[in-house]
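Report on the following structure.
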Amino acid sequence: MSDVDDFLIWAGDDQVTRNLRWKTCGSREEALAFIRDVCIPHPWRRSICLDDRSIGFVSVYPWSGDERCKADIGYAIGTNYWGQGIATKALMTAVPQVFKDFNELLRLQAFVDVENKASQRVLEKAGFLREGVLRKYTYLKGVVKDLVLYSFLSTDEITSCD
């Protein structure tokens, strides 16, 4: 909860949230409610921090039952930090930890808007494999979108993030 002001800087930015399922936070109160109701109870959400300040997040959504071998991963970072390799490094740090935290997990998958070339590059640099385009796959903020599907398997090797 103490990160609310830092959180609001990027979660209140339409450029950051345009490809996320959740809406842009418009006030400190909305940001506090989001942290309390969504972030804290989430099964696996980590803040991306720089100089002890939250500048983004990585979240993992594990599936359950017979599908517990897979999970979806998502991330975002403040616009001031785009193009600096921070999101890539955050993913490269998070992926091994996710596989440790979810011992039945075999597959992490990410879905990216076909127009979001920067996010596709982040995934590729982090070692994710592009599997293909899912045409007219989702409805996001009033628009039907094609998504690119990426995966990282528990048997894949991650390169050093140093």
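The values are calculated or read from the model by the stated rules, or taken from the named source; none is laboratory data. Note that the coordinates shown come from a computational prediction; the quantities given were computed from them, not determined experimentally. Methodologically, a virtual Cβ is constructed for each residue, glycine included, from the backbone with ideal geometry; neighbour enumeration extends over all protein chains shown. Please note that ligands, DNA and RNA were not included when accessible areas were found on the heavy atoms of the full protein model with its side chains. Shrake-Rupley method; radii C 1.70, N 1.55, O 1.52, S 1.80 Å.
Mind telling me which of the residues Lys89, Lys141 ends up being under 15 Å from Ser59 (Cα atoms), touching a residue at least 60 places away in the same chain (Cβ under 8 Å), open to solvent by 70 Å² or more (accessible area, probe 1.4 Å) and of a type in the set (D, E, K, R)?
Lys89
Let's see how each residue does on (1) under 25 Å from Ser2 (Cβ atoms); (2) acidic (Asp, Glu):
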site	(1), (2)
Glu30	yes, yes
Ala33	yes, no
Ser47	yes, no
Ser54	yes, no
Glu67	no, yes
Ala71	no, no
Ile86	yes, no
Lys89	yes, no
Phe102	no, no
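Please tell me if Arg46 is in contact with a strand residue (DSSP E or B) (Cβ under 9 Å, 6 or more places away or on another chain), closer than 27 Å to Leu134 by Cβ, part of a loop (DSSP other than H, G, I, E, B) and open to solvent by 60 Å² or more (accessible area, probe 1.4 Å).
No, not satisfied.
Going by the structure shown, is Ser154 of a type in the set (Gly, Ala, Ser), within 15 Å of the chain's Cα centre (by Cα) and surrounded by 14 or more Cβ atoms within 10 Å (Cβ to Cβ)?
No: the conditions fail for Ser154.
Restricting the search to the range 52-75, which residues are hydroxyl-bearing (Ser, Thr, Tyr) and in contact (Cβ under 8 Å) with a residue 24 or more places away in the chain?
Those that are hydroxyl-bearing (Ser, Thr, Tyr) and in contact (Cβ under 8 Å) with a residue 24 or more places away in the chain: Ser54, Tyr75.
Condition check: open to solvent by 60 Å² or more (accessible area, probe 1.4 Å), in contact with an Asp or Glu (Cβ under 6 Å, 6 or more places away or on another chain) and either without any contact (Cβ under 8 Å) to a residue 60 or more places away in the chain or of a type outside the set (A, V, I, L, M, F, W, C) (or both). Does Arg135 satisfy that?
Yes.
For the range 19-41, what are the residues that are surrounded by 12 or more Cβ atoms within 10 Å (Cβ to Cβ), more than 13 Å from the chain's Cα centre (by Cα) and either under 19 Å from Phe111 (Cβ atoms) or among the aliphatic types (A, V, I, L, M) (or both)? Break it down stepwise before answering.
Narrowing the range 19-41 to residues surrounded by 12 or more Cβ atoms within 10 Å (Cβ to Cβ): 19-20, 23-25, 28, 30-36, 38-39.
Checking which are more than 13 Å from the chain's Cα centre (by Cα) leaves us with 23-25, 28, 30-36, 38.
Lys23, Ala31, Leu32, Ala33, Ile35, Val38 - these are the residues of the range 19-41 that are surrounded by 12 or more Cβ atoms within 10 Å (Cβ to Cβ), more than 13 Å from the chain's Cα centre (by Cα) and either under 19 Å from Phe111 (Cβ atoms) or among the aliphatic types (A, V, I, L, M) (or both).
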